[in-house]
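Down below is the structure, laid out as structure tokens.
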Amino acid sequence: MKKTMTLGELKKGMRARITAVNAATDEMTRSFLEIGILEGSPVRVVHQAPLGGDPIAVEVRGALIALRRQEAAGIDVELLHEPHAEGPES
Amino acid sequence: MTASAQELSVFGIVAAILVWWALKLTRPLWLPSVTGWLLRHGRVKWAMRLRFGKRCH
Amino acid sequence: MSATDAPKMIALAGLPNCGKTSLFNALTGSRQKVANYPGVTVERKEGAIGLPDGRTLRVLDLPGTYSLDARTPDEAITRDVLLGKIQGEDPPVALVAVADATNLERNLGLVLELRDLNVPLVLALNMMDLARKRGLELDLVRLSVELGIPVVPTVAVKNLGLNELLAAVDEALRANPAAAPRTEWKRSDSASVRARFSEVDRVLKASTKKSGTPALWTERLDRIFLHPVLGFVVLASVLAFMFQAIFSWASIPQDWIEQGVAAFGSWVGSLLADGPLKSLLVDGVIAGVGSVLVFLPQILILFSFILVLEDSGYLARAAFIMDRVMGGVGLHGRAFIPLLSSFACAIPGILSTRTIANPRDRLATILVAPLTTCSARLPVYTLLVGAFIPDQPFFGPFRMQGAVLFGLYLAGTIAPLTMAWLFRRTILRGPKPPLLMELPTYKLPSLKGVLLGLIERAKIFLRRAGTVILSLSVLVWFLSSYPAPPATAPGPAEGGAPAIHYSYAGRLGHAVEPLLKPLGFDWRVGIALIPGFAAREVMVSALGTVYALEGDETQVEKALGERLAVSWSLATALSLIVWYIFAPQCLSTLAVVRRETNTWKWPLFLLGYMTALAYVASFATFHLVGWLWGSA
């Protein structure tokens, strides 16, 4: 089932495909695009930081990019599939 | 070296250091005039060296 | 020198972490020169390559950038050099785009941008061995055709592909003898960036026979290094190990340097008759510069660690973990690294803020870096802690002296963070800078790269010691020695004041005494603070001079410690320690801040706010301790 969420809402281990990149400023949007966060790219949340799960590290276009959930909220994604049995503390 | 010769050298060194610092701190003030003078007298290479350091050809 | 004979200059450009610097090192070996671009503070790295036919090629290593749309001062330099906008600098005649072959889907974006500049361009596909190991199979001919430029696979760290690369560059230069007019570069909009990446995808699809599998080790290691609990433990251990190493490994080389300096001083002293010049050279220059040289081992060790951690990719993880803390005070996660460097010396720490994009963020980091407990504070800390804090057990295996020292380091960590928070809330207000940082794949740090980096740091440090510190040592010596005491005055052995009492420094010390009395300091401390303002390290020897003690540094320190324990109250000692935590006693730092911020405003502000902090804290300490312990 396809669900539209933002990258900022994804939990560790989730995979998705980027559907829209609309950051708070045009400058930020361009930064995202240049670093490879583009529409159509698959993305996977690989890690989250020890203190409070923010920032997150996502794998996109072959690289591991760290960003804060707050900024990741400007990136719409559609979930590819729900990972099974990922506990809340991982 | 006699004591008085030593004394003289000391004052010389201290004076030189003070002059160097004064020049360093006021560089933006005297640089344009000095480079201008160098260029007018055909010393292009020296002017460039002064302005940019030893990188330029 | 005619235009055709002058060595031509090419530039290396590429994304951060594409191995560009390894390629630069492989091509130029040790024929490198680091300077500054005029007017800015970004490092300019140039090297020279000897071509087989005897010609020399100049190579510029440009800062890594994701696109010509610059975000940090580093990236702006890359853009300006490529567009020929740097004053006094001709644009490079050819470019080598360096791309990480294991990650072409991102690296090719910049290559396309560079291609649009209409300059002779060659693509170096670096880390080709890793890509092949991961199963990547590329049709290099097709790729070259699609991109329209020659493509050369390289493995910089193994020196492979270099000759082919140079041949391709030569070929490209021959094909375009005259510099074609540069196309006007416009800032890309989102649409063109998207279009650029579509083109990258298209090119790759056409040229890839088999995609590689992603690196597994990086993710495996990250599961530990970025683990919610273990990650912290690892970081704390790495830092603890680093600090421990800085002190224990440095102690032997430090002793060598001390002995060497003392021996050199004696030798020079033996060449001259007694007199002012001899004193200037031995007590002024050699002692002054020597006291700074002593820190070289610590600085080099700290830097080795930082270079190794950065090269391996771990430092980005550290910044990732610390981002919450940094962000909490309003700083970027990357600000962690300059602050860490500042534990050895704030100067390289301030220099490394160049990687911080946001100017307010960078300024905040620069302004608080001097509050970190740098190595230069240690001599005073060890002197006073040794003399005044009893060597008793404190808590479990920890002893009091060690605990106090740890406390001082803690203060040197909390202070900068607190001030950063304050600044970001008041004068440097602004939105929290966004975090968008790549975590590179882990790799084994290159020994050559680390060594070259260290040599560079050592040269910078020595150059500073040779110029600023040397001249200051002479001036301080002068102020402390002239005028000499009149022949009629009783010497210290007869209960008179030490010779320094009569000098300019002595007069300054007495003049300043009323200001210092509320802090528990007398004119002697006042005198010692004067050279101490130029450089912290000098404080101990200055105190030694004021109390008219003779001998080499360790003798002075021990004797001084005993002397102070008797002459000073606990309140005064603690007050001085606290003063030392905050006081801006390093002219070199102020000079660097001036250079990095391009104005006198900020170094003066730094001087002002830190002195104010020091005064208030010292005052509070003196009176509080005096009240609690009842000493005068």
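The values are calculated or read from the model by the stated rules, or taken from the named source; none is laboratory data. Just so we're clear, the structure is a prediction, and the values are computed from it rather than from any experiment. Here the Cβ is made from the backbone with ideal geometry for all residues, glycine too, and neighbour counts use every protein chain on show. Surface areas here come from the heavy atoms of the whole protein model, side chains and all, with no ligands, DNA or RNA. Shrake-Rupley method; radii C 1.70, N 1.55, O 1.52, S 1.80 Å.
Can you find a residue that is part of a helix (DSSP H, G or I), hydroxyl-bearing (Ser, Thr, Tyr) and without any contact (Cβ under 8 Å) to a residue 40 or more places away in the chain anywhere in region C:610-620? Yes, region C:610-620 contains a residue that is part of a helix (DSSP H, G or I), hydroxyl-bearing (Ser, Thr, Tyr) and without any contact (Cβ under 8 Å) to a residue 40 or more places away in the chain.
A single entry from C:Arg377, C:Arg429 fulfils the requirement of being farther than 30 Å from A:Leu64 by Cα, assigned to a loop (DSSP other than H, G, I, E, B) and basic (Lys, Arg): C:Arg429. Checked against the criterion of being more than 14 Å from every other protein chain (Cβ to nearest Cβ) and either aliphatic (A, V, I, L, M) or closer than 17 Å to C:Arg360 by Cβ (or both), the candidates C:Leu435, C:Leu454 yield just one match: C:Leu454. Of the residues making up region C:287-300, those that are surrounded by fewer than 22 Cβ atoms within 10 Å (Cβ to Cβ) and either under 15 Å from the mean Cα position of the chain (by Cα) or within 14 Å of chain B (Cβ to nearest Cβ) (or both) number 4. Looking across region C:319-340, the residues that are assigned to a helix (DSSP H, G or I) and either more than 17 Å from the chain's Cα centre (by Cα) or facing another protein chain (nearest Cβ under 10 Å) (or both) come down to C:Ala319, C:Phe320, C:Ile321, C:Met322, C:Asp323, C:Arg324, C:Val325, C:Met326, C:Gly327, C:Gly328, C:Gly333. If the condition is being more than 22 Å from C:Met322 (Cβ to Cβ) and buried (at least 17 other Cβ atoms within 10 Å of the Cβ), then region C:396-418 contributes C:Gln401, C:Val404, C:Leu405. C:Trp421 satisfies every condition listed in (1) in contact with a strand residue (DSSP E or B) (Cβ under 6 Å, 6 or more places away or on another chain); (2) open to solvent by 30 Å² or more (accessible area, probe 1.4 Å); (3) modelled with pLDDT of 85 or more except (1).
Which one of these is open to solvent by 60 Å² or more (accessible area, probe 1.4 Å) and either of a type in the set (Gly, Ala, Ser) or out of contact with any strand residue (DSSP E or B) (no Cβ under 6 Å at 6 or more places or on another chain) (or both): C:Phe303, C:Phe247? The conditions single out C:Phe247. Pick from C:Thr372, C:Thr365, C:Thr355: which is under 29 Å from C:Lys601 (Cα atoms), open to solvent by 30 Å² or more (accessible area, probe 1.4 Å) and in contact with a Ser or Thr (Cβ under 9 Å, 6 or more places away or on another chain)? Checking each option against the conditions leaves just C:Thr355. Screening C:Ser270, C:Ser266, C:Ser237 for residues that are within 14 Å of chain B (Cβ to nearest Cβ), on the phi < 0 side of the Ramachandran plot and of a type outside the set (A, V, I, L, M) leaves exactly one candidate, C:Ser270. Return a yes/no flag: does region C:307-316 have any residue that is among the hydrophobic types (A, V, I, L, M, F, W, C), in contact with a helix residue (DSSP H, G or I) (Cβ under 6 Å, 6 or more places away or on another chain) and within 14 Å of another protein chain (Cβ to nearest Cβ). Within region C:307-316, one or more residues are among the hydrophobic types (A, V, I, L, M, F, W, C), in contact with a helix residue (DSSP H, G or I) (Cβ under 6 Å, 6 or more places away or on another chain) and within 14 Å of another protein chain (Cβ to nearest Cβ).
Return yes or no: is C:Ala167 free of Cβ contacts under 8 Å to residues at least 24 places away in the same chain, over 34 Å from the mean Cα position of the chain (by Cα) and either assigned to a helix (DSSP H, G or I) or within 30 Å of A:Gly53 (Cβ to Cβ) (or both)? Considered against the rule, which asks whether it is free of Cβ contacts under 8 Å to residues at least 24 places away in the same chain, over 34 Å from the mean Cα position of the chain (by Cα) and either assigned to a helix (DSSP H, G or I) or within 30 Å of A:Gly53 (Cβ to Cβ) (or both), C:Ala167 comes out as yes.
Restricting attention to region C:432-456, the residues being in a loop (DSSP other than H, G, I, E, B) and open to solvent by less than 30 Å² (accessible area, probe 1.4 Å) number 3. Return the residue satisfying two criteria in turn: it lies in region A:50-66 and is over 24 Å from C:Val325 (Cβ atoms) and more than 7 Å from every other protein chain (Cβ to nearest Cβ), and of such residues it is surrounded by the fewest Cβ atoms within 10 Å (Cβ to Cβ). This residue is A:Glu59. Total residues in region C:273-286 satisfying the condition of being surrounded by 15 or more Cβ atoms within 10 Å (Cβ to Cβ) and either more than 23 Å from C:Val468 (Cβ to Cβ) or without any contact (Cβ under 8 Å) to a residue 24 or more places away in the chain (or both): the figure is 5.
Residue check: C:Asn36 meets all listed conditions (1) more than 14 Å from every other protein chain (Cβ to nearest Cβ); (2) at pLDDT below 80 but one, namely (1). Scanning region C:185-241 for residues that are open to solvent by 70 Å² or more (accessible area, probe 1.4 Å) and of a type in the set (Val, Ile, Thr) yields C:Thr213, C:Ile224, C:Val229, C:Val233. For region A:6-49, enumerate the residues that are assigned to a loop (DSSP other than H, G, I, E, B), within 28 Å of C:Leu230 (Cα to Cα) and at the interface with another protein chain (Cβ under 9 Å from one of its Cβ atoms). Once the filter is applied, which keeps residues that are assigned to a loop (DSSP other than H, G, I, E, B), within 28 Å of C:Leu230 (Cα to Cα) and at the interface with another protein chain (Cβ under 9 Å from one of its Cβ atoms), region A:6-49 yields only A:Ala49.
Restricted to region A:50-90, and to residues there that are at pLDDT 85 or above, of a type in the set (A, V, I, L, M) and not in a strand (DSSP E or B), the residue that is nearest to C:Asn17 (Cα to Cα) is A:Ala72.
Taking region C:354-373 as the range and being among the polar types (S, T, N, Q) and modelled with pLDDT under 85 as the test, the residues that pass are C:Thr355, C:Asn358. Report whether or not C:Arg196 is modelled with pLDDT under 85 and not hydrophobic (A, V, I, L, M, F, W, C). For C:Arg196, the condition - modelled with pLDDT under 85 and not hydrophobic (A, V, I, L, M, F, W, C) - is not met.
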